[in-house]
Amino acid sequence: MPPIFDYSYYGIQIHEITEMVLGNMGQYAHGNQPIQHAIYLYNYAGAPWKAQYHLRNVMTKLYGSGPDGLCGDEDNGQTSAWYVFSAMGFYSVCPGQPEYVIGSPLFNKITLNLDNGKQFIIEAGNNSPENVYIHYASLNGKDYTKNFLRHDDIRKGGLLRFEMSAEPNKTRGTALEDRPYSMSQE
């Protein structure tokens with residue numbers, strides 16, 4: 001939808017509304033932290049390629065290294081934390097659940113040096129500004145179709161490998177068992 005808004009509740013056009021309009025992403029107002037998890041919800045609905053597309057769009061369009069490189073308020077580090085996690089390729093949509101929902105990694109390789117002495121490495125082969133979709137994934141050499149990572153799997157260390165593509169893979173990660181935990185599945 002276009003960025004149509006009604007600010008009568010506030011009496012003025014607040015900065016989150018202005019940022020939504022300037023971002024030109026419809027009703028998605030990334031600078032207002034309560035919405036930052038919303039793109040990841042495509043994984044819960046069985047359409048992970050839509051999350052991958054929109055996440056990469058937000059990371060490249062709304063973040064940068066200049067003085068205006070952070071959209072909206074920082075609010076105790078939330079906006080930066082969203083970017084750091086999302087750039088690695090996953091995000092804690094529900095912090096009380098020990099899962100991280102997979103997105104679209106921005107980097108070719110990330111190494112997490114864990115406090116237990118192990119490393120968790122994320123590699124994104126064929127990654128580029130055009131190749132935002134996960135074509136294939138493996139965890140420690142085995143096919144990985146899930147759209148989430150368990151915290152315990154990260155703590156064990158290992159290698160998560162993505163093969164990126166310019167075309168969405170509309171079959172990978174669409175099964176119910178590949179979706180992140182949701183109470184609605186109970």
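The values are calculated or read from the model by the stated rules, or taken from the named source; none is laboratory data. Note that the structure is a prediction, hence the values are computed from the model and not measured. Don't worry about glycine lacking a Cβ; one is built from the backbone with ideal geometry, like all the others, and counts go over all protein chains shown.
Per-structure values
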| quantity | calculated |
| --- | --- |
| So residue 179, is it free of Cβ contacts under 8 Å to residues at least 60 places away in the same chain, basic (Lys, Arg), closer than 21 Å to residue 97 by Cβ and surrounded by 12 or more Cβ atoms within 10 Å (Cβ to Cβ) | no |
| Tally of residues being at pLDDT below 75, aliphatic (A, V, I, L, M), farther than 14 Å from residue 62 by Cα and loosely packed, with under 15 Cβ neighbours inside 10 Å across region 3-23 | 2 |
| Members of region 108-127 found to be out of contact with any strand residue (DSSP E or B) (no Cβ under 7 Å at 6 or more places or on another chain) and either among the hydrophobic types (A, V, I, L, M, F, W, C) or in contact (Cβ under 8 Å) with a residue 12 or more places away in the chain (or both), listed by number | 116, 118 |
| Region 54-70: number of residues that are modelled with pLDDT of 80 or more and either of a type in the set (Val, Ile, Thr) or surrounded by 12 or more Cβ atoms within 10 Å (Cβ to Cβ) (or both) | 10 |
| Residue match in region 48-58 (condition: in contact with a strand residue (DSSP E or B) (Cβ under 6 Å, 6 or more places away or on another chain) and either acidic (Asp, Glu) or closer than 19 Å to residue 123 by Cα (or both)) | yes |
| Hits in region 159-171 (condition: free of Cβ contacts under 8 Å to residues at least 40 places away in the same chain and not aliphatic (A, V, I, L, M)) | 161, 163, 165, 167, 171 |
| Count - residues of region 113-123 that are over 15 Å from the mean Cα position of the chain (by Cα) and within 26 Å of residue 42 (Cα to Cα) | 3 |
| Any hit, region 84-98, residues being under 14 Å from the mean Cα position of the chain (by Cα), under 18 Å from residue 172 (Cα atoms), touching a residue at least 24 places away in the same chain (Cβ under 8 Å) and assigned to a loop (DSSP other than H, G, I, E, B) | yes |
